[in-house]
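Below is one structure, written out as structure tokens, with a few remarks after it.
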Amino acid sequence: MRGDLALRGDQPGVELELVAMASYCRLEAYQQALETGRKITTSDPALKERHLFLTGLAADGLKDVATLAAVAKAFPHSAKPPLLEQADRAEIDSRLAMSQGAFGKAETDALRAVTARRDSLDYRGMARGLDCAARAARGAGQAERAAGYARRASESRAQADSKS
């Protein structure tokens with residue numbers, strides 16, 4: 001896609017760069033995701049929020065707590081944020097709490113993300129949130145609860161794959 005754009009003398013837009021970031025995160029190529037994200041500038045609030053979320057995922061994947069904390073702090077605050085923003089914020093908060101050893105808060109935040117993603121029928125995001133909840137439960141020494149979250153994550157992934 002980028003090669004095609006280059007042949008036409010065009011540059012990839014913010015949306016394409018965000019898709020690339022998401023792809024890198026899914027492939028666990030977190031450094032590439034961050035490098036791609038550094039090129040992104042936009043004034044669109046929805047695209048900024050998505051950029052923050054993907055930056056947070058990549059930072060968490062690299063165990064870069066400083067960047068993860070900066071992302072959590074930079075998230076917009078509004079009285080009634082859209083469901084996607086609620087889910088993204090809760091997941092970033094969960095990941096930050098986990099990196100700080102606050103496993104109970106991490107689990108609670110992850111479950112808030114799961115609920116918001118379920119309500120928006122985002123099964124892949126729901127699975128990712130359940131993975132966070134499982135990690136938090138394991139961190140808190142709750143192996144049985146962690147196994148339950150992991151099982152639900154697997155079911156959500158299967159649901160997402162059947163919709164693809």
At a Cα cut-off below 27 Å, give the lysines reachable from residue 105, other chains included and same-chain residues fewer than 8 away excluded. 48, 63, 73, 80
Accessible-area composition of region 67-164, carbon plus sulfur, in percent [1.4 Å probe]: 53 percent
Computed over the chain: longest principal axis from alpha-carbon atoms vs helix 123-139 long axis, angle to nearest 10 degrees, is 50 degrees
For the chain, averaging the sequence separation of alpha carbon pairs under 8 Å that lie six or more residues apart and dividing by its residue count, the contact order in percent is 13 percent
Diffusion coefficient, µm² s⁻¹, Stokes-Einstein with Kirkwood Rh over alpha-carbon pairs of the chain at 10 °C and 1.306 mPa s: 97 µm²/s
Using a simple spin-label model with points 7 Å from Cα along the Cα→Cβ vector, what separation in nm is obtained for residue 65 and residue 115? 2.8 nm
Probe 1.4 Å, heavy atoms of protein chains only: per residue, the accessible area of region 64-164 in Å² is 51 Å²
Leading residue at positive end of dipole, region 75-164 (Cβ point charges), from 141, 103, 130: 141
Grab the DSSP H runs of the chain that are 4 residues or longer, score each as -39,500 (n - 2.57), total them, divide by all residues and round the 222 nm result to the nearest 500 deg cm²/dmol. -25000 deg cm²/dmol
What are the ³J(HN,Hα) couplings of region 21-37, residue after residue, when phi is run through the Karplus curve with 6.51, -1.76, 1.60 and θ = phi - 60°? Round to Hz, x for glycine and proline. 4, 4, 5, 4, 4, 5, 7, 6, 9, 5, 5, 5, 4, 5, 4, 5, x
So, in nm, how far is label residue 73 from label residue 42 when the simple model puts each one 7 Å beyond its Cα toward the Cβ? 2.4 nm
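The values are calculated or read from the model by the stated rules, or taken from the named source; none is laboratory data. Everything quoted here is computed from the prediction, not taken from an experiment. Positions of Cβ are backbone-derived with ideal geometry, glycine not excepted, and every protein chain shown enters the neighbour counts. Side chains are part of the model used for accessible areas, which takes the heavy atoms of the whole protein and leaves out ligands, DNA and RNA. Shrake-Rupley method; radii C 1.70, N 1.55, O 1.52, S 1.80 Å.
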